């Protein structure tokens, strides 16, 4: 069974080329994984649109409708930071469907990786920080409500705190929120995750990897989750435009492999989303995100 990889051509809709959010990185990531021989386009799994009833497990219905129909307030548009379009709205709903499919594949096969996802700043009834609907919260509510899992653990390694995820799931005891983030970074007002691991500016590979190992060695036996949702943000990289940590490419690969080995070594399925990553060099950014997928293939023993 090849590594399940989830992608859709909707993921990179037409978008202003000079916008600070690199909307074309999803398409470029697909191209990189194909060009590097990890997969072929025909092997990628294409998700359906996420049904509104499933989005509404984690979001206010009127907010969902306002966003889908392009009726957000000026304040919400400012918080979001993305220009609305029908194509972007479709992409947003499709990407949550992609994370759901990734979770289903992970439960079936042990590991699955999305070529998008990790929209952890989206709140119950408003967007923030380029995030509209919170795929991590939607998945958690959906799988718990369906009885597919008894407990999920979100291991969020984006450089920014997963504030939306923490707030949406704060009263859901069987969804454990863990945020490993740079303390001096967005958002200015942090939420309360179940476990917040705030890191100092400038932390590099060895110290960061030690924190990852210590956290997982403690949290996985403590909670024994049925699924780990891993947000593999690459904005911890030393060359990221919006991060303040100092990880190298090798450090990212070591982190991703460590998370996967910790989970699989305890027979815990893991689904991975790509999270944040920002750079004007979009090709370099796509390769940086691709470290996750190559690391997963390496852990599973697939040829590189």
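Length gained on full extension, residue 210 to residue 242: 9.2 nm, using 0.36 nm per residue less the C-alpha separation. Mean-square fluctuations from a GNM of the chain, with a 10 angstrom spring cutoff on Cα atoms, peak among 73, 279, 12 at 73. From largest to smallest, the equivalent ellipsoid semi-axes obtained for the stretch 76-229 from the alpha-carbon gyration tensor read 23, 21, 14 Å.
Going by average Cβ density within 10 Å per residue, which order do the peptides 196-203, 103-110, 156-163, 246-253 take, highest to lowest?
Descending packing order for the listed peptides: 156-163, 103-110, 246-253, 196-203.
Just checking the listed ones, 52, 212, 273: in the Gaussian network model of the chain with Cα springs under 10 Å, the one fluctuating most is 52.
Paramagnetic label reach from residue 224 (point 7 Å along Cα→Cβ; backbone nitrogen cut-off under 12 Å): within the stretch 134-154, residues 151.
In terms of its C-alpha gyration tensor, the stretch 12-152 has an oblate overall shape, because the principal axis ratio a/c (a ≥ b ≥ c, square roots of the eigenvalues) is not below 1.5 and a/b does not outweigh b/c. How would the chain be classified by its alpha-carbon gyration tensor: rounded, prolate or oblate, with rounded meaning a/c under 1.5 and the a/b versus b/c comparison settling the rest? Verdict is rounded for the chain.
As a length-normalised measure over Cα pairs under 8 Å and 6 or more apart, the relative contact order of the chain settles at 20 percent. Modelled spin labels at residue 52 and residue 192, positioned 7 Å past Cα toward Cβ, are 3.5 nm from each other. Only beta bridges with both residues in the chain are counted; by DSSP, about 5 percent of them are antiparallel.
Each of residue 66 and residue 283 was given a label point 7 Å from its Cα along the Cα-to-Cβ line. The distance between the two points is 4.2 nm. Our summary gives the stretch 24-129 a relative contact order of 34 percent, counting only alpha carbon pairs under 8 angstrom and 6 or more residues apart. When the Gaussian network model of the chain links Cα atoms closer than 10 Å, the mean-square fluctuations of 38, 227, 101 top out at 38.
For the chain, what does the helix formula give at 222 nm: sum of -39500 (n - 2.57) over DSSP H segments with n ≥ 4, over the residue count, nearest 500 deg cm²/dmol?
-13000 deg cm²/dmol
FYI, it's all coordinate maths here, none of it is from the lab. Here the structure is a predicted model, which means the values were calculated and not measured. Ideal geometry is used to build each Cβ from the backbone, glycine not excepted, and the neighbour counts take in all protein chains shown.
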